[in-house]
1. With the requirement that a residue be buried (at least 18 other Cβ atoms within 10 Å of the Cβ), touching a residue at least 24 places away in the same chain (Cβ under 8 Å) and assigned to a helix (DSSP H, G or I), what does the range 210-237 give you?
2. Please verify whether THR3 is within 19 Å of the chain's Cα centre (by Cα), at pLDDT 95 or above and away from ligand 1 (no atom under 12 Å from the Cβ), treating the condition exactly as stated.
3. Given the criterion under 22 Å from THR10 (Cβ atoms), of a type in the set (Ser, Thr, Tyr) and at pLDDT 95 or above, identify the matching residue among TYR229, TYR233.
4. Condition first: surrounded by fewer than 23 Cβ atoms within 10 Å (Cβ to Cβ) and within 19 Å of ILE13 (Cβ to Cβ). Now tell me which residues in the range 298-312 satisfy that.
5. Residues in the range 53-69 that are free of Cβ contacts under 8 Å to residues at least 60 places away in the same chain and assigned to a helix (DSSP H, G or I): how many?
6. Would you kindly identify the helices (runs of 4 or more DSSP H) lying entirely within the range 238-335 that contain at least 1 residues that are among the charged types (D, E, K, R) and more than 16 Å from ligand 1 (Cβ to nearest atom)?
7. Note down all Cβ pairs under 7 Å where the first residue falls in the range 10-32 and is touching a residue at least 60 places away in the same chain (Cβ under 8 Å), the second is polar (S, T, N, Q) and part of a loop (DSSP other than H, G, I, E, B), and they're at least six residues apart or on different chains.
8. Within the bounds of the range 76-85, is there any residue that is crowded, with 18+ Cβ neighbours inside 10 Å, among the hydroxyl-bearing types (Ser, Thr, Tyr), within 26 Å of GLY135 (Cβ to Cβ) and more than 16 Å from ligand 2 (Cβ to nearest atom)?
Amino acid sequence: MSTLALDIGTYSIKAIAGTAGPKPKIERIAEVFNTTGIAVPTDDVSQDKLVNLIESVIVDNDLPRTDVRISLPESVISTKIIEIPPLSDAELASAIGWQAEQHIPIPPEELALEYQVLYRGPKKEKEPMRILLVGARKQIVDRFVDMFHILGIEPSLVETHMISLIRSLMFTPEDPNTMIVHLGASSMNMSIIQKGELTFVTSHMNGGQLLTKALEQTVGLDQHQAEKYKRTYGLDETQFQGKVAAALLPGLQILTAEMKKSIQFFVTQNPTESIQRVVLSGGTAAMPNLVQYIAQELGTEVLVAAPFTGIDGAIPETINPPAMGVCMGLLLREM
Ligand SMILES: Nc1ncnc2c1ncn2[C@@H]1O[C@H](COP(=O)(O)OP(=O)(O)OP(=O)(O)O)[C@@H](O)[C@H]1O
Ligand SMILES: [Mg+2]
């Protein structure tokens, strides 16, 4: 059976069709500009628009409607990692609602909650266990999933961007402490992986769009030109008299300041640890000289996510690999 993994971003809708599981095979990839600019509808009008767009992405690219897997953006999710005294599964199930109330800023009657045990120590020891809490407003999740119902599709998997993305990065417990920075168009999501385990997730409402806007205003370009200059010259100071790089810097400083805050938070919680590596993901990760800039600002090694490494199937040249991590993570899940 073919699987369809979908990532609905504010800039583009990304889709991968193929055989799912830990050894996936890609049959088709599509990236379509999101003319609505909306990733999560909040009313009937925006929902209708997005439904029509998703339908045309599926039809135009001959994508399957079986095993459709989707992911919710972090902007509408509250993800927390908590430590609690060790409990059995049954005890945890009855305590989790109360825990969520303490940590997730959504009233219980409106909350859609999922949780997962990240760490449970050996039986006899009283070591705390670590739990991943993922909460969202029911109304938002329902409307999102309803878009697929309208299209006659019952999604087989609904998770969150960060969970999908982390799967595509295939961490092992031996990996150094790593911060993932996922830079999309309208958001930047960050998470920290320590010994292969997720320890922190945060979302910030700025991304590549901020950089395009800055270029439009400072250099006096239209949106299309600004997008092109950003992709071609990026932070390369030797190009275009350094004007593009100079126009992009203030926006990047806002983004790197958020990255530094996340690292600082981690170090405060774990005074003996440090972040050794940053993995850049999302469409913006492909910007010329961004890796060098962030490496210099943060003083860490910086890598760009390569979600197609070792994966079977033809990847078109036009596809920007770091933008496809969420889709790849969805496809990689075994069910
Ligand atoms: N080569 C490139 N250089 C610089 N920026 C790029 C490049 N390719 C894409 N981008 C930028 O990446 C962003 C799109 O990335 P992505 O596809 O991850 O966003 P999205 O998922 O649609 O957005 P979001 O998740 O924030 O809703 C756009 O702002 C685009 O301008
Ligand atoms: Mg995105």
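The values are calculated or read from the model by the stated rules, or taken from the named source; none is laboratory data. Since the model is a prediction, treat every value here as computed from it, not as a measurement. In this analysis, Cβ positions are derived from the backbone assuming ideal geometry, glycine residues included, and neighbour counts consider all displayed protein chains.
1. Matches in the range 210-237: LEU210, LEU211, ALA214, LEU215, LYS230, TYR233.
2. In short, no.
3. Exactly one of TYR229, TYR233 is under 22 Å from THR10 (Cβ atoms), of a type in the set (Ser, Thr, Tyr) and at pLDDT 95 or above, namely TYR229.
4. Matches in the range 298-312: PHE308 only.
5. 5
6. Those helices (runs of 4 or more DSSP H) span 243-269, 290-298.
7. Matching pairs, first to second residue: THR10/ASN34; THR10/SER186; TYR11/ASN34; SER12/ASN34; ALA15/ASN61; GLY18/SER2; GLU27/SER2.
8. Yes, the range 76-85 contains a residue that is crowded, with 18+ Cβ neighbours inside 10 Å, among the hydroxyl-bearing types (Ser, Thr, Tyr), within 26 Å of GLY135 (Cβ to Cβ) and more than 16 Å from ligand 2 (Cβ to nearest atom).
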